[in-house]
Amino acid sequence: MVDKKNILEEIYGAIGQLNGELPPDSQLDSSAETVLFGAGSKLDSLGLVNLIVGTEQRLQDRFGVAVTIADERAMSQKNSPFRTVGTLADYVELLLGESSRE
Amino acid sequence: MSERPVMIITGTRKGIGRHLAEYYLARDFEVVGCSREESDLKDPHYRHFCLDVADETAVRDLFTAVRKDCGRLDVLVNNAGIASMNHVLLTPMKTVESITRTNIIGTFLFCREAAKLMQLARIGRIVNFATVATPLKLEGEALYAASKAAVVSLTEILARELAQLGITVNAVGPTPVHTDLIRSVPKDKMDALIDRQAIKRFGEFRDITNVIDFFIHPQSDFVTGQVVYLGGV
């Protein structure tokens, strides 16, 4: 069972990887409150893509689960699940819960 | 991580894809191929996956295996393709679906998953397959030509979207080559087609590898979004 703590660890891991490529003033904090998308985000669109892809790959490597975070539902939600690290973790938890019930 | 550069080629069981696999194995690539059916190509540096290129889950599994086993992806060649010679009034829906799935969805899926892997190293080369049937507006090839027109659009736009990741995306547009793809096309149709080329002969495998070699050359990192049609079309 992959719980929220595990998911956050992998998102933080992906943030660490991404920070290695970012200038100091653009680096992200490993915190659930960190804004990823929209007003207040330090990430450009490419940075967000990298973070999502990195998180998908880390989840697959650690837990063997293939999850597509940027699915149709995520892209069409009124409140984007990519708004903060916390909302992203919530969305990943939802996706993993659904896939384990299939 | 693989010491050899890693190349994925789709549609490697026969025809141009098979030739490409052998050609790049001989040039010290680690080659990962795929097709719906098993391949009889045996080489310690070749690995084959049986899949439908439009099956998202199967395609993701292939890329996961490449990431875990090879740790890198240098080149993707989207060779897999289906053609069908039909008048529009005689084109079955099943043909429409299979051409769309293999030529457009398959190319898109492989580009998307390859870019995810290539962006880790901030370098990569994607080569798609277009066709002279598109610029020649070949009658009887409406759907095939349209599907490859979509591949051209994908190539041109992905070139822009992926440029920041160090990935180039280009396409080669072959003339007819003696393969199964054109086996059912009547000779007079084929002769008429060749007559519209500036250089009036069938294409050969070497014509295609020559263009791919150029696209994937390290010094071609400023070449992207281009479609090279062979034969002077």
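Here are the numbers:
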| item | result |
| --- | --- |
| Exclusive hit being among the acidic types (Asp, Glu), farther than 30 Å from residue B:5 by Cβ and part of a helix (DSSP H, G or I), set B:191, B:207 | B:191 |
| Failed item in (1) farther than 15 Å from residue B:167 by Cα; (2) of a type in the set (D, E, K, R); (3) in a helix (DSSP H, G or I), with residue B:47 passing the rest | (3) |
| Spans of helices (runs of 4 or more DSSP H) in chain A with at least 3 residues within 11 Å of the chain's Cα centre (by Cα) and either touching a residue at least 12 places away in the same chain (Cβ under 8 Å) or farther than 24 Å from residue B:119 by Cα (or both) | A:4-19, A:45-63, A:85-101 |
| Residue match in segment B:86-106 (condition: closer than 29 Å to residue B:216 by Cα and not in a helix (DSSP H, G or I)) | no |
| Total residues in segment B:107-138, condition in a helix (DSSP H, G or I), among the small types (Gly, Ala, Ser) and either farther than 14 Å from residue B:8 by Cα or in contact (Cβ under 8 Å) with a residue 60 or more places away in the chain (or both) | 1 |
| One residue from A:96, A:36, A:59 being farther than 23 Å from residue B:67 by Cβ, surrounded by 15 or more Cβ atoms within 10 Å (Cβ to Cβ) and in contact with a Leu (Cβ under 9 Å, 6 or more places away or on another chain) | A:36 |
| Scan of segment A:28-49 for residues that are more than 14 Å from chain B (Cβ to nearest Cβ), out of contact with any helix residue (DSSP H, G or I) (no Cβ under 9 Å at 6 or more places or on another chain) and among the hydrophobic types (A, V, I, L, M, F, W, C), ordered by number | A:39 |
| Filtered residues of segment B:40-69 (kept if more than 23 Å from residue B:152 (Cα to Cα) and away from chain A (no Cβ under 14 Å)) | B:40, B:41, B:42, B:43, B:44, B:45, B:46, B:47, B:48, B:49, B:50, B:51 |
| Segment B:84-116, residues that are small (Gly, Ala, Ser) and buried (at least 21 other Cβ atoms within 10 Å of the Cβ) | B:106, B:114, B:115 |
| Number of positions in segment B:50-61 that are surrounded by fewer than 21 Cβ atoms within 10 Å (Cβ to Cβ) and hydrophobic (A, V, I, L, M, F, W, C) | 3 |
| Exclusive hit being more than 14 Å from chain A (Cβ to nearest Cβ), more than 14 Å from the chain's Cα centre (by Cα), modelled with pLDDT of 95 or more and farther than 30 Å from residue B:68 by Cβ, set B:145, B:150 | B:145 |
| Residue match in segment B:137-144 (condition: out of contact with any helix residue (DSSP H, G or I) (no Cβ under 8 Å at 6 or more places or on another chain) and closer than 26 Å to residue B:97 by Cα) | yes |
| Close pairs from segment B:139-160: first more than 22 Å from residue B:196 (Cβ to Cβ), partner among the basic types (Lys, Arg), Cβ under 8 Å, at least 6 apart | none |
| Filter result for residue B:90 (more than 14 Å from chain A (Cβ to nearest Cβ) and either in contact with a helix residue (DSSP H, G or I) (Cβ under 7 Å, 6 or more places away or on another chain) or modelled with pLDDT under 95 (or both)) | yes |
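This table checks each residue for (1) within 15 Å of residue B:62 (Cα to Cα); (2) in contact (Cβ under 8 Å) with a residue 40 or more places away in the chain; (3) under 16 Å from the mean Cα position of the chain (by Cα).
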site	(1), (2), (3)
B:9	yes, yes, yes
B:14	no, yes, yes
B:26	no, no, no
B:31	yes, no, yes
B:40	no, no, no
B:46	yes, no, no
B:50	yes, no, no
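The values are calculated or read from the model by the stated rules, or taken from the named source; none is laboratory data. Just so you know, these numbers come straight off a predicted model, no measurement behind them. Cβ sites come from the backbone with ideal geometry, for glycine too, and all protein chains shown count toward neighbours.
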